[in-house]
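Quick notes on the structure that follows.
The values are calculated or read from the model by the stated rules, or taken from the named source; none is laboratory data. Bear in mind that the values here come from a model prediction, so they are computed numbers and not experimental data. Backbone-built Cβ (ideal geometry, glycine too); neighbour counts: all protein chains shown. Accessible surface is based on the protein model in full, side chains and every heavy atom, while ligands, DNA and RNA are left aside. Shrake-Rupley method; radii C 1.70, N 1.55, O 1.52, S 1.80 Å.
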Amino acid sequence: MTARQLLGAGAAIWAAVQLSVFIGAQGEDVKARYERAESFGRRTTGRVYNLVDRVAWLPDSDAVTYRKTVKGGYAFVLVDTATGTKADAFDHERLAAALSTAMGNQYTAATLPFAAFEFADGRRGIEFTANGAPAPAPQARWRCTLADYVCSRQAAPPPADAGSPAPGGTGRGGAPNTQPRVSPDGRFEASIRNYNVYVRPVQPSGRSGGDAAASSGFSLSSDGSEGNAYTLQSIRWSPDSKKIAAFRRRPGYERLVHLVESSPTDQLQPRHRTLAYRKPGDVVDFDQPVVFDIGTRAALAGDVSLFPNPYENTRLAWRNDSRAVTFEYNQRGHQAYRVLEIDAMTGRTRTLIEETQKTFVEYSGKRHRYDVADGKEIVWASERDGWNHLYLYDGTTGVVKNQITKGPWVVRGVDRVDEQARQIWFRASGMTPGQDPYLVKYYRVNFDGTGLTAFTPEDGQHGAPQYSPDRRYYVDTWSRVDLPPRTVLKRTSDQSVVMPLETADITDLLATGWRLPEVFTAKGRDGVTDIWGIIIRPTNFDPAHSYPVVENIYAGPQDSFVPKTFGTQGGMQSLAELGFIVVQIDGMGTSNRSKAFHDVAWQNLGDAGFPDRILWHRAVAATYPRNYDITRVGIYGTSAGGQNSAGALLFHPEFYTVAYSNSGCHDNRMDKIWWNEQWMGWPLGPHYAASSNVEHASRLKGRLMLVVPELDTNVDPSSTLQLANALVRANKTFELVFVPGASHGAGGPFTTRKRNDWFVKHLLGLDPPDWNAEPESSARNDAARAAFEPETDYDALERAAFFADDLD
């Protein structure tokens, strides 16, 4: 044997010894690691007690019910605020026996077949919809008396009256409503005929009325054409039925994304699909508002100089007294946003509110407008002072009367505006110094900014308070990732605790070896701003040993993403069980902090907060040098997180070494128009290429796995395939996983296992089990499926409520 061979053999022996030491130190071989990961859900499910849900106040009463977890299932509790007492809502044992007899199934006190109920007959009985009842009525309605516990099935309620869709609304299944728009007084209906607005008297029983009816109708417009037509969905009648407002739309470019379903379940041959899908830079619709007078047939068009370049004009809305119609102008590029009003008598268009920013106006997540007293005043949200706050406008003059909220904290949403009391009930985060600035709490403030009242001051993430019908009391639940939930009953007048209701019991959960995640903060790139994240360790964590680190990333600027409420964090914890420390971080560029914090994302999505994330990792490693190994750092993400995780190996390969990228938008010019232009701006410029993974594919270092779902309707699958093409052309080594039939996120056991195997092989240096040699069974697959990370609705993450509320 040559010296070179001896050295090689020695190195192999040394590596084998090191591997055996590593396996021995960690206490498990590879297969045992996977068994721990796959069994995590089974080991921990149902081991937290006194968790509260289904809070329901009794109508016209000071009593409230809720459901809580108990060993083996659930129990229902009744609380009487007058006496300050709580007790079982009914005799669970007797009810279980009665239902077992009546329904022919076996129930226990903790496994009653319903999740919610209502009292009936003055609390002498209860009614509920049973789940899982035998055929022929698996969803039957039942009533049980509480005096003798006799249960009977109730007659099925009559079918709901489908009726006609509301004017301007949608039909069944969300399909556009194509019915004529009927005036509030019921006398006329408006429709579109030959691209113009057409009005006629309402016909009896919905019949057309023949030629006579046609002759009695008339066109309000004549300037509509095939390429510039009035739209039925935009038609709005004035409350006095004398006028109509509508948009004349010049359509933009209708881009189509083409998908091929290779393996449809109902046929052998592939199926071709097309999807209307605009991308950044595409020409968008131009909506011209026009107000029509039914009596004079006069048409008044809005002044285009106030909305010359719309990304969109929001739906038209009439004032209650029919004096004017309003809409909101969102300028292309999102650096100017206006609330506009058209006088219905003169056609004069004026600006009520104007919002401008050098970066972006976040219309998609922080927009809020409430018109007080039919527009005499307007409550408006703005980041103009560097934080998201509320302002009170004079609706007549368009002048700010006063700033309602103020300070280095963020209004997260408005829950209620009480016009009579001139109070706003809202939620906010970051108001309490020394606490996590992302924790949401609930407040009330007067229109003039006085009387700020905290209803949920405790150090935790609070759910929405559940108020009694008269709002004298409320139920408050809060928790943190490192604090089990607490639920109390409070008095609204002074926010005092009337009585504690429940404190979650996690004794049995801790007995499994599970531990609370650690909340960790470190300074960001500016050396001043705190960056917040969490650390999740395996249940068999040994502080004497070193662990590779895996980061779960989603750096979309539309929100913040690190969990704030209590939970087992099952997806990340299952991954940790393989022998990793798993973390999640909110870096600069994400939302819910200051405007400056958020602006880091502006025309810079490739940044993804990585300078802050890397500093955070290094701070953790300095705190835990023995077991937090930043020489072995992996990263994974989906959708925007897919872009981020791949970008880690392109832009920061000195730190990240292994990445799993699922359904990524790898070039922002390839993705949906609204999300990308909101943060990257318009017109397109070199900054788009600067953030593109495709443009920088030749920089790849480390191990990259790309996952692309075949039928992704959120992110064009070509985005991932173009990155793969660029990597091939750069002669880079990577893995490409194409998932037939999968939609956005390509979730499930297969892709989660691919991710886990990728990290086990390249971070732990171990070969995953040969899954093709493993005996498969439905039980094993079910166990694996339960352990894998729950599928996240990434479509929802990237879809703002604005679109559901304000677009036709």
Exercise. Taking Cα atoms of region 516-566, Rg/Rh with Kirkwood Rh, to two decimals?
Worked result: 1.01
Exercise. Can you give the accessible area of Ser61 in Å² (nearest 10), computed on protein heavy atoms with a 1.4 Å probe?
Worked result: 30
Problem set entry | region 552-638, accessible surface, carbon-and-sulfur percent (1.4 angstrom probe) | 50
Exercise. Looking at the square roots a ≥ b ≥ c of the eigenvalues of the Cα gyration tensor of region 485-587, which shape do they give, rounded for a/c under 1.5, prolate if a/b is larger than b/c, or oblate?
Worked result: oblate
Exercise. Rounded if a/c is under 1.5, else prolate if a/b is larger than b/c, else oblate: which is region 32-161, with a ≥ b ≥ c the root eigenvalues of its Cα gyration tensor?
Worked result: oblate
Exercise. Size of the chain along its principal axes in angstrom, Cα-based, largest extent first?
Worked result: 105, 76, 63
Exercise. Roughly what angle does helix 30-44 make with the longest principal axis of the chain, taking Cα atoms, 0 to 90 degrees, to the nearest 10?
Worked result: 40
For this session: Would you work out what percent of the accessible area of region 346-480, with all protein chains in place, is carbon or sulfur (probe 1.4 Å)?
Result: 47
For this session: Find the relative contact order for region 266-342 and round it to a whole percent, using C-alpha pairs within less than 8 Å whose residues are 6+ positions apart.
Result: 19
For this session: Per DSSP H run of n ≥ 4, the term is -39500 (n - 2.57); total these for the chain, divide by its residue number, and report the mean residue ellipticity at 222 nm rounded to 500 deg cm²/dmol.
Result: -5500 deg cm²/dmol
Exercise. Along the charge dipole of region 494-603, which of Val583, Val528, Pro543 sits closest to the positive end, that is, farthest toward it, with unit charges on the beta carbon of Lys, Arg, Asp and Glu (+1, +1, -1, -1)?
Worked result: Val528
Exercise. Relative contact order for the chain using alpha-carbon pairs under 8 Å, separation at least 6, rounded to a whole percent?
Worked result: 9
Exercise. What residues have an amide H closer than 5 Å to that of Val197, excluding those fewer than 5 places away on the same chain, when H is modeled at 1.01 Å from N in the peptide plane?
Worked result: Leu220, Ser221
For this session: List the cysteines in the chain whose Cβ has no other cysteine Cβ under 4.7 Å from it.
Result: Cys665
Problem set entry | Quarter of Cα convex hull surface for region 327-440, i.e. mean projection, nm² | 8.2
For this session: Using a 10 Å cut-off on Cβ atoms, rank the peptides 106-112, 573-579, 630-636 from the highest mean neighbour count down.
Result: 573-579, 630-636, 106-112
For this session: Over region 178-332, with every protein chain in place, what whole percent of the accessible area is carbon and sulfur at 1.4 Å, could you tell me?
Result: 49
For this session: Give me the accessible area per residue for the chain, probe 1.4 Å, as a whole number in Å².
Result: 43
Problem set entry | Helix 778-787 axis, angle to the chain major axis (alpha carbon atoms, nearest 10°) | 70
For this session: Report, by chain and number, residues whose modeled amide H sits under 5 Å from the one on His368, excluding near sequence neighbours (fewer than 5 apart, same chain).
Result: Ala381
Exercise. So what does log10 I(q)/I(0) come out to for region 636-706 at q = 0.11, 0.13, 0.21 Å⁻¹, using the Debye formula with one equal point on every Cα and no solvent?
Worked result: -0.25, -0.35, -0.83
Problem set entry | Prolate/oblate/rounded label for region 436-492 (Cα gyration tensor, a/c 1.5) | oblate
